[in-house]
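*Asks:* Below you'll find the structure I mean.
Read-outs: derived from the displayed coordinates by stated rules, not from any lab. Every value quoted in this text rests on a predicted model; they were computed, and no experiment measured them. Heads up, the Cβs are rebuilt from the backbone with ideal geometry, glycines too, and the neighbour counts pull from every protein chain shown.
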Amino acid sequence: MKTRLVHIKSFGCQMNKLDTALVKSALKEAGFDITESLKEADLVLFNTCSVRQHAEDRVIANLGHMKHLKKSKPHLVVGIMGCMAQRLGKELLEHEAVNLVVGPGQIPHIVSLLEAVMHDQGKQLDISNEIRQQAPDNPDLEAFESKHDSDDKQIPGQAFVRIMRGCNNFCTYCIVPYVRGPEISRPPQAIVEQIEKLAQAGVKQITLLGQTVNAYAYEDAGKTYDLADLLVLVSEVNGIEWIRFVTNYPIEDNFDRIMQAMADLPKVCNYLHMPAQSGSDGMLKAMNRRYTAEQYLDLLKHARAIVPDIAVAGDFIVGFPGETNEDFQKTAELVRQAQYKNCFVFKYSPRPGTTSDNRLEDNVSDAIKQQRNLDLLAVQESVSANLCQTFMGKTVKVLVEGLSKKPHVNAAEHNNLPQLIGRTATDWIVVFNGPETLAGHFAEVTINRVSPLTLFGDLASNT
Ligand code: 5AD
Ligand code: SF4
């Protein structure tokens, strides 16, 4: 009899990690076992990302490795899920090592597809043909999502819940609308029921996910529920203590209402992830972002007026086609003014089929992209270095995630207690020594040392 040990390797964003968790749950239900070891697996699934070329290159390198492995393990089944599966479809299926290609909209079929491969029915391909023509509801996907566990215990006490699928923004650089389809909001009732189930299983923090989470809109019986309404409903779930939502598109619609919900609802964390992408109006226009740098900063002013201690995080793309040094300096200036807690900086990567790739030449050299990436991170580091000082001597509440990467560091000086990592409601990373059993629980930590990205402290008490 064939064994059914599955290893899943996940790339990309939280959406993808969530899909991985759902697929793991479905596979377990169907009698497969999940293994962390690639070596002992009989089936290997790659949940892939297409957002930058680098993410795709890593998968292709992994497939080379799989091809090699299959020589000594001919029964090994290799499947590709996720955005790259949807983008490349048949082309990926032709790869010697690949048995199965399944798009993000087809994950409910994963078990039957794997079984077809295992029963020698040949290579299997299941992706959306007309991805932008999807119906606004997808009962298959909705049932799969509601049924399966999105709490894969990667970080104890925390779970992600998708509130929307897809995207309608068409930023010119972005592959997402072509691989995840049109924007569709899930019914509030389905979301709340799922969160109730997670709360009963011990989950304390929920992160609501959407490509443009602040555009959430669901019409039911003549009422349109927006994100602020949803935050109220999720706040009412017993057992859930912290609620986050990512990612926000910088637009005025509903913005103050959402910020007001953050201020009014104690469970909603004072944290806003809102990518600006650039500080140059010319670049923003070329990116088809529908705001100016001034409008973006104005939104942050509103956010801080309504939620004074809000922590803000951003994303930036450097080296977009035509970006001059002057454009880049405007981005650096925006980063100084925005006072982010942290920001993520990416080098522009042309994606086949997107508007910027079709119309604009990738004319900023990699060396300049690399330099701008470093320069922007340095600007942010000086902002963060200032912000983190405000924590010195303060006691903060954190949700403990588990062991830090180097749990043994300092353990000897702390009764052999390992180094743990946790996050504040405002998403600051806190490192301290304590018992590993604190993972998934809240703790109070008094901060005694700071660095731009991390706060360090001693356990004050745990709740
Ligand atoms: N090249 C580089 N970065 C990109 N992002 C999205 N598409 C691209 C691309 N083609 C970045 C954006 C987005 C984050 C998830 O990835 O900053 O916010
Ligand atoms: Fe996530 Fe976008 Fe990457 Fe797909 S392409 S995994 S939606 S970041």
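*Asks:* Count, please, the residues in region 153-189 that happen to be part of a loop (DSSP other than H, G, I, E, B), in contact with a helix residue (DSSP H, G or I) (Cβ under 6 Å, 6 or more places away or on another chain) and under 23 Å from Ala425 (Cβ atoms).
*Replies:* Counting residues in region 153-189 that are part of a loop (DSSP other than H, G, I, E, B), in contact with a helix residue (DSSP H, G or I) (Cβ under 6 Å, 6 or more places away or on another chain) and under 23 Å from Ala425 (Cβ atoms) gives 1.
*Asks:* Anything in region 394-433 that is touching a helix residue (DSSP H, G or I) at 6+ places or on another chain (Cβ under 9 Å) and more than 24 Å from Cys269 (Cα to Cα)? List them, or say none.
*Replies:* Pro407, Leu417, Pro418, Gln419, Asn433
*Asks:* Within region 125-139, identify whether any single residue is over 22 Å from the mean Cα position of the chain (by Cα), closer than 24 Å to Lys73 by Cβ and either within 16 Å of ligand 1 (Cβ to nearest atom) or in contact (Cβ under 8 Å) with a residue 12 or more places away in the chain (or both), and answer yes or no.
*Replies:* Yes, there is a match, as at least one residue in region 125-139 is over 22 Å from the mean Cα position of the chain (by Cα), closer than 24 Å to Lys73 by Cβ and either within 16 Å of ligand 1 (Cβ to nearest atom) or in contact (Cβ under 8 Å) with a residue 12 or more places away in the chain (or both).
*Asks:* Within region 38-71, can you find the residues that are part of a helix (DSSP H, G or I) and touching a residue at least 60 places away in the same chain (Cβ under 8 Å)? First the steps, then the outcome.
*Replies:* The first filter runs over region 38-71 and keeps only residues part of a helix (DSSP H, G or I), leaving 53-71.
Once the filter is applied, which keeps residues that are part of a helix (DSSP H, G or I) and touching a residue at least 60 places away in the same chain (Cβ under 8 Å), region 38-71 yields Gln53, His54.
*Asks:* A follow-up question, please. Looking only at region 226-241, count how many residues are outside any loop (DSSP other than H, G, I, E, B) and either aliphatic (A, V, I, L, M) or in contact (Cβ under 8 Å) with a residue 40 or more places away in the chain (or both). Don't jump to the end; show me each part of the working.
*Replies:* Kept after step one, since they are outside any loop (DSSP other than H, G, I, E, B), are these residues of region 226-241: 226-235.
Still in the running and either aliphatic (A, V, I, L, M) or in contact (Cβ under 8 Å) with a residue 40 or more places away in the chain (or both): 227-234.
Qualifying residue count for the region: 8.
*Asks:* I've got another one for you. Pairs only if they're at least six apart or on different chains, beta carbon under 6 angstrom, first in region 258-276 and of a type in the set (Phe, Trp, Tyr), second not in a strand (DSSP E or B); list them, first residue then second.
*Replies:* From region 258-276, the pairs are Tyr271/Thr426; Tyr271/Asp427.
*Asks:* Could you list, in sequence order, all residues of region 154-169 that are more than 11 Å from ligand 2 (Cβ to nearest atom), out of contact with any Phe, Trp or Tyr (no Cβ under 9 Å at 6 or more places or on another chain) and under 22 Å from Gly353 (Cβ atoms)?
*Replies:* The answer is Asn168, and nothing else.
*Asks:* Filter region 1-48 down to residues that are of a type in the set (Gly, Ala, Ser) and more than 16 Å from ligand 2 (Cβ to nearest atom), then give me how many there are.
*Replies:* Here the count works out to 6.
*Asks:* Take Arg244 and tell me if it is surrounded by 18 or more Cβ atoms within 10 Å (Cβ to Cβ), in contact (Cβ under 8 Å) with a residue 12 or more places away in the chain and basic (Lys, Arg).
*Replies:* Working: surrounded by 18 or more Cβ atoms within 10 Å (Cβ to Cβ): yes; in contact (Cβ under 8 Å) with a residue 12 or more places away in the chain: yes; basic (Lys, Arg): yes.
Yes.
*Asks:* Are any residues in region 51-92 small (Gly, Ala, Ser) and either within 20 Å of Asp19 (Cα to Cα) or within 16 Å of ligand 2 (Cβ to nearest atom) (or both), and if so, which ones?
*Replies:* Here is the first cut: in region 51-92, the residues small (Gly, Ala, Ser) are 55, 61, 64, 72, 79, 82, 85, 89.
The answer is Ala55, Gly79, Gly82, Ala85, Gly89.
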